[in-house]
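Below is one structure, written out as structure tokens; comments come after it.
Bear in mind these aren't lab numbers, they're just calculated from the coordinates by the rules spelled out. Note that the coordinates shown come from a computational prediction; the quantities given were computed from them, not determined experimentally. Cβ placement follows ideal geometry from the backbone for every residue including glycine, while neighbour counts extend to all protein chains displayed.
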Amino acid sequence: MPEFTAAEYSAILLSLKVSMVATLLALPFGFLLAYLMTFYQFRGKVALDVLINLPLTLPPVVIGYLLLLLLGQQGFIGRHILQPLGIKVIFTWKAAVIATAVVGMPLLVRSIRIGMESIDLGLIHASRTLGAGPFDSMLTVVMPLALRGILAGSALMFGRGLGEFGATIIVAGNMPGVTQTIPLAIYDYAGSPSGDSMAKALCVVAVIISVAVLLCHEYLGRRMIRAD
């Protein structure tokens, strides 16, 4: 394996940072969306379900371009909210976090919903009978019982974030040491005649990290089963 330089270490660390922050940022929103979709019936539910899962079918480049239009200097959020606050998002690592969160959100919501759909509704009704409000029931009954789904969704989203390319390169660019993640670095090296060995080395690193995440998820899942 070739020796990594500062640029490769930066890409590895940035990939881990972006995936972790995106997962933590998306987790509360994903949980609330899953809770809403599982336990409530309302007009427009089908439309919301389609919107949540749309990133699964849209090309990531399209998602990146839409985010660019929304968060850019002429976009609604960029022009009316970010610029007055002096916040720059486009072509920073923060843009990579947002792109990763949007692309991975369907996996997170779907996994949490699966966990919630397995909960016995009688337990929720019992908590309400004992005086717990909707928020208390969500925190004390639904969240603990859906924890496996939350862990599974978080692991899937983290792994998806490590491989995010299309949306990231549109909104964050491919600047070594600034916004270049592992997939973007591999893309650069794959297009270089002398970069083949480094591209392979980064692929090995990506596989090792992904396997470690999955093993950690499997270990936590088994511990939870034994605890039950």
How big is the chain on each of its three principal axes, counting only the C-alpha atoms and giving the largest first in Å?
67, 47, 30
Under the 7 Å Cα-to-Cβ spin-label approximation, Phe39 and Ser197 lie apart by a distance in nanometres of 5.7
Phi angles of the stretch 86-99, converted by Karplus (6.51 cos²θ - 1.76 cosθ + 1.60, θ = phi - 60°) into ³J(HN,Hα) in whole Hz with x for Gly and Pro, give x, 9, 10, 10, 4, 6, 10, 5, 5, 5, 5, 5, 5, 4
Which residue, Ile52, Ile63, Ile77, tops the fluctuation ranking in a GNM of the chain built on C-alpha contacts under 10 Å?
Ile77
Pair Ile208, Leu69: separation of 7 Å Cα→Cβ label points (nm):
4.2
Which is farthest toward the positive dipole end of the stretch 87-228 among Leu121, Leu214, Ala167, measuring Cα position about the Cα centre, with Cβ charges +1 (Lys, Arg) and -1 (Asp, Glu)?
Leu121
Points 7 angstrom from Cα along the Cβ direction at Tyr187 and Leu220: gap in nanometres?
2.9
If each K or R counts +1 and each D or E counts -1, the residues other than Met105 whose Cβ falls under 14 Å of its Cβ total +1
For the stretch 150-228, give the magnitude of the charge dipole about the Cα centre (Cβ charges: +1 Lys/Arg, -1 Asp/Glu; no others), in debye to the nearest 20.
280
Please give the FRET efficiency for Leu32 paired with Asp120, using the beta carbon to beta carbon distance and R0 = 30 Å, rounded to the nearest 0.05.
0.90
Do any trypsin sites (Lys or Arg not before Pro) in the stretch 33-79 lie in a DSSP loop with no more than 11 other beta carbon atoms within 10 Å, and if so, which?
Arg43
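Note down the net charge around Ala199, summing +1 for each Lys or Arg and -1 for each Asp or Glu among other residues with Cβ under 13 Å from its Cβ. Working shown, then result.
Working: positive: Lys200; negative: Glu8, Asp188, Asp196.
It works out to a net charge of -2.
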Anisotropy class of the stretch 136-228 from Cα gyration tensor, a/c 1.5 cut
oblate
Hand me the tally of lysine pairs in the chain: alpha carbons under 30 angstrom apart, and the pair either on different chains or 8 or more positions apart.
4
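Quick one: net charge of Leu71's neighbours, Cβ under 12 Å, K/R +1, D/E -1?
Working: positive: Arg79, Lys88, Lys94; negative: none.
Cβ neighbours under 12 Å give a net charge of +3.
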